[in-house]
Amino acid sequence: MLDDRDVLAALIAHPQFRNTYDGAGVQDWPRHGQWWLDRITPDAYETADAVTAVDVIRSWANQHGDIPDSLASRLYQEIYTPIREATSRHLLGQLPEDEFHDYGPIHIDYHELILIDRQAATLTLLVAADD
């Protein structure tokens, strides 16, 4: 069985990880989010408990005021519940500014969370970003 570090490395190596979340989709380029792909390693992620992970996403979602009840319900069902059910959670830490790619930073606020659920045999990458 792979440990979490191996799972993170496999995710980072996957071609679909090459996404800058700026609307361009997955490209064959050495970028991920705001950073050069080769700067992102399993060590860039911090283990988080469910409370911390939910708080990061909830704070991002509510940063400009309360959200409609229908959206709050959907976030609870599709985001917060999987966060709580995951066997481990990993937040991308703050990377140094010199690791931004050639047109980064493009996002005002960017949060990346990886959920590993060994019971369900799933790996989920959540990105909360705006630009």
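What the table shows:
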| read-out | value |
| --- | --- |
| Residue list for segment 55-88, restricted to those being open to solvent by 30 Å² or more (accessible area, probe 1.4 Å), in contact with a strand residue (DSSP E or B) (Cβ under 6 Å, 6 or more places away or on another chain) and closer than 13 Å to Val127 by Cα | Val56, Trp60 |
| Residue within segment 91-114 that is more than 22 Å from Asn19 (Cα to Cα), surrounded by 15 or more Cβ atoms within 10 Å (Cβ to Cβ) and touching a residue at least 12 places away in the same chain (Cβ under 8 Å) present | no |
| Residue in segment 39-46 that is under 16 Å from the mean Cα position of the chain (by Cα), open to solvent by 70 Å² or more (accessible area, probe 1.4 Å), more than 19 Å from Thr124 (Cα to Cα) and not hydroxyl-bearing (Ser, Thr, Tyr) present | yes |
| Residue list for segment 86-131, restricted to those being among the small types (Gly, Ala, Ser) and either closer than 21 Å to Arg39 by Cβ or within 9 Å of the chain's Cα centre (by Cα) (or both) | Gly93, Gly104, Ala128, Ala129 |
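The values are calculated or read from the model by the stated rules, or taken from the named source; none is laboratory data. From a predicted model like this one, the values you see are computed outputs, not experimental measurements. Methodologically, a virtual Cβ is constructed for each residue, glycine included, from the backbone with ideal geometry; neighbour enumeration extends over all protein chains shown. In case anyone asks, the SASA skips ligands and DNA or RNA and just uses the protein heavy atoms, side chains included. Shrake-Rupley method; radii C 1.70, N 1.55, O 1.52, S 1.80 Å.
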